[in-house]
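Have a look at the structure below before the remarks.
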């Protein structure tokens, strides 16, 4: 008997039986017994056939998995590794994917319908947020769980400036960015000495503080009622209205799509600006200092880098783009309330950055499309959507623990250009 | 100005309530190689970190080039042309060799970058071959060379090395120490070396200090200490590695 249990089949069988027992214990209460409204109170009804099916499914499934997949010659990760393309080929494809995606984005309004363009706006907003957060988390290595705070600051700055001072979107956009980066620095100061887990907790709290203040400062922000009738952006002073606006000026028939298309190009431009600035920064001393800071803070200091300034600029710049995106969000929705700025948003943005590959600009794009697009595609599945979403994350983390695009292009070369593959460095190093 | 480049006077450093340095006095003259040897936990690395302002001296003062640098922040101390190769090398693992070297030159704003890069590549030819590799993929010896090279990119007047021989093969240690000697002789670079490998360190250094329990117990010329029976008994027995 003991010998049998030590064989591969035996061990798998033992494991499967154990799993089946656990399933039985769990399901007998949660599934097996069902309450039913009867005359004179609540009655109980057995549902044992379903329990039997579930236990059987776990038994067989677990047995098959452990025999064929986990204990097999090729565990899941290896099997996936062999199906999926190698890092080098991904790198080669990557060169064409970026420009191809850009062309796709530029031409989308010409053939997309309203639904597709709305989706595009949503995805681009998250790409922009992902790129902004990438500066803080991906480049400077400062784990920020409260990024949504800057998004909220940007959105509320525009909404409040418009409400109280009647300022236009174009005046408020830079103001929103400046205010958000100011808040970024305010957050930056107390957390200068923190790293890793501690930093994450403080930033998480900061995100919540902003939300709670917005929620409770009723006289100023409208609290849970939010702010409505936020003015829409104009096209160089031309409103998108039925009479005397954009359409009349250009002598074309009025179409409500004009505004949507304009918003699409607006967020595309903002996102590209974020990308452009980040790419430029990476080649400047400050950008290199961010990356060095991510690698080793003590070494940075011993090389004469002022780590205080380096961290603060990362926070401020990342927050500024969050603020821009927030202002855009406010003008697009026309209505904002603290509910749009929950921790869930921070988590999604962070997931985009991590799944895409820390520090990778293209990775953020791919992860945004997959995640935000995936959310929409699986909308019909309702609750199962989150399950699919979770499964997707698990798969990505097994297949590519450093994110979808884990290679990092060096910022300086003497001779030939050569991307250094993430495969050379094991997980957890560097 | 005297020829003393760096001097420590009565420096005391604490970790919380624990005394790490119990009043250190030492001098480094221009153009010298000075070494501090001692066992684990003697306070060698703490001495170096205190000079750089990573840990702070609670008492005493540190004078560099006629200026009191005791209370300056680390990055400003480093800008006074003190470069260090810290303990454990601390190179940037995900960045390439070239980028690592570039980080070293940041402190002098990349002045003379190409020239200095050539100099480092001539000292350590292996780094030129490895220039586009990630720092983390180098061997231990190569990483140490990179750490020293990175420090040299800042054109330091004083080079501080914390246990460059740590965990390296004897042949590599020899190679690295030869480069240090060459830098000192040809460029007149002042070197402050903290080492456990007493034999190699004392053979290289002009002068040495022996440190026990946060105090300096002996000092003298390198050869002098090397032939001192006490030093031999404590640090060199069977230790010609």
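Each value in this text was obtained by applying a stated rule to the coordinates, not by laboratory testing. In this text the structure is predicted, and so the values were computed from the model without any measurement. Note: ideal-geometry Cβ built from the backbone for every residue, glycine included; neighbour counts use all protein chains shown.
Worth pointing out:
- In this simple spin-label approximation, residue B:186 and residue B:65 carry label points 7 Å from Cα along the Cα→Cβ vector, and these lie 2.4 nm apart.
- Most mobile of A:264, A:321, A:161 in a GNM of chain A (Cα contacts under 10 Å): A:161
- Spatial separation of Cα centroids for region A:97-166 and region A:281-330, in angstrom: 19
- Put simply, when A:222-229, A:297-304, B:50-57, A:126-133 are sorted by average Cβ atoms within 10 angstrom per residue, most first, you get A:126-133, A:297-304, B:50-57, A:222-229.
- Cα centroid separation, region A:182-229 to region A:27-51 (Å): 46
- Distances between every pair of Cα atoms in region A:252-329, grouped in 5 Å steps from 0 to the bin holding the largest one, split as 3, 13, 19, 17, 12, 10, 8, 6, 4, 3, 2, 1, 1 percent.
- Calculated diffusion of region A:2-72, Stokes-Einstein form, Kirkwood radius summed over Cα pairs, 37 °C and 0.692 mPa s, µm²/s: 240
- Three-way shape call for region A:198-323 based on the alpha-carbon gyration tensor, with the a/c threshold at 1.5: oblate
- Cα gyration tensor category, rounded, prolate or oblate, for region A:93-226 with a/c compared to 1.5: oblate
- Rounded to 5, percent antiparallel among DSSP beta bridges of the protein assembly as shown: 65
- In this simple spin-label approximation, residue B:215 and residue A:195 carry label points 7 Å from Cα along the Cα→Cβ vector, and these lie 3.4 nm apart.
- Counts of other chain beta carbons within 10 angstrom of each beta carbon in peptide B:62-75 average 2.
- Using alpha-carbon coordinates, inclination of helix A:48-64 to the longest axis of chain A, degrees: 90
- Chain A: angle of helix A:148-165 to the longest principal axis, Cα-based, in degrees nearest 10: 30
- Cα long-axis angle, helix A:343-356 against chain A (0 to 90 degrees, to the nearest 10): 80
- Shape class for region B:151-225: prolate, because the ratio a/c of the largest to smallest gyration tensor axis (alpha-carbon atoms, square roots of eigenvalues) is 1.5 or more and a/b beats b/c.
- Relative protection proxy for B:186-199, B:116-129, B:84-97, from highest mean packing down: B:84-97, B:186-199, B:116-129 (other beta-carbon atoms within 10 angstrom).
- Ordering of B:101-114, B:148-161 by packing [mean C-beta count within 10 Å, highest first]: B:148-161, B:101-114
- Theoretical gain in end-to-end length, residue A:9 to residue A:185 [0.36 nm per residue, Cα-Cα removed]: 57.4 nm
- GNM top mover of A:205, A:351, A:314 - chain A, alpha-carbon springs below 10 Å: A:205
- Highest-MSF residue in chain A out of A:260, A:366, A:171 [GNM, Cα springs under 10 Å]: A:171
- Counting only other chain Cβ atoms within 10 Å of each residue's Cβ, the peptide A:303-311 averages 6.
- Mean-position separation - Cα centroids, region B:1-80 and region B:207-221, in angstrom: 14
- More than 27 angstrom apart: percent of Cα pairs within chain A: 62
- Legend: calculated FRET efficiency, residue A:24 to residue A:68, from the Cβ-Cβ distance at R0 = 30 Å, rounded to 0.05, equals 0.80.
- For A:291-298, mean number of other protein chain Cβ atoms within 10 Å: 6
- A simple spin-label model places pseudo-atoms 7 Å from Cα toward Cβ; at residue A:31 and residue B:15 they are separated by 5.5 nm.
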